[in-house]
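*Asks:* First, the structure itself, so that you have it in front of you.
What follows draws every value from the coordinates through simple rules; no lab data is involved. Computed from a prediction, not measured in an experiment: that's the story for all the values here. Quick reminder, even Gly has a Cβ in these numbers, built from the backbone with ideal geometry, and neighbours come from all protein chains shown.
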Amino acid sequence: MQQLDKESRYIKAKERVEELKKFYANLWSYILVISALGLINYLTNEWRYMWFLWAAFGWGIGVLFHAINTFRLNPFFGKDWEERKIREFMEEDEKTRKWR
C-alpha cells in the first residue's frame with residue numbers, strides 16, 4: 001500500500017514538472033518571437049505602426065491562460081472548489097439515502 005502511494009505521488013509530481021516545463025517553454029518562445037517581431041517592426045518602419053503588438057497581445061492572452069492553469073490561480077474552479085463540491089454532493093447523496 002505504501003509503495004503504491006509513493007508511486008502515485010511520484011507520477012503526480014512528474015506530471016506537474018512536465019506541466020511547468022511546457023509553460024516555461026511557451027513563455028520563453030513568446031519572449032523570443034515577440035522580441036524578434038518587435039525588432040523586425042522597428043527595422044522596417046521605425047515604430048510608425050507597431051503591428052507586432054497585435055501578435056504580442058493575442059499570444060499574451062494565451063500565455064496568461066496557460067499561467068493560470070499551470071499555477072492553479074483560478075479561484076472559481078480550482079482544486080479546493082472541486083473537493084468542496086465532491087463533499088457537498090456526497091453529503092447530499094447521504095441525506096437522500098436516509099429517507100429511502
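*Asks:* Can you find a residue in segment 89-96 that is among the hydroxyl-bearing types (Ser, Thr, Tyr) and surrounded by 10 or more Cβ atoms within 10 Å (Cβ to Cβ)?
*Replies:* No, every residue in segment 89-96 fails to be among the hydroxyl-bearing types (Ser, Thr, Tyr) and surrounded by 10 or more Cβ atoms within 10 Å (Cβ to Cβ).
*Asks:* Can you find, within segment 48-76, the residue that is nearest to LEU20 (Cα to Cα) among those that are in contact with a helix residue (DSSP H, G or I) (Cβ under 7 Å, 6 or more places away or on another chain) and among the aromatic types (Phe, Trp, Tyr)?
*Replies:* TRP59
*Asks:* Can you tell me which condition PHE57 does not meet? The list is (1) free of Cβ contacts under 8 Å to residues at least 12 places away in the same chain; (2) of a type in the set (Phe, Trp, Tyr); (3) surrounded by 11 or more Cβ atoms within 10 Å (Cβ to Cβ), and all the others hold.
*Replies:* Answer for PHE57: the failing condition is (3).
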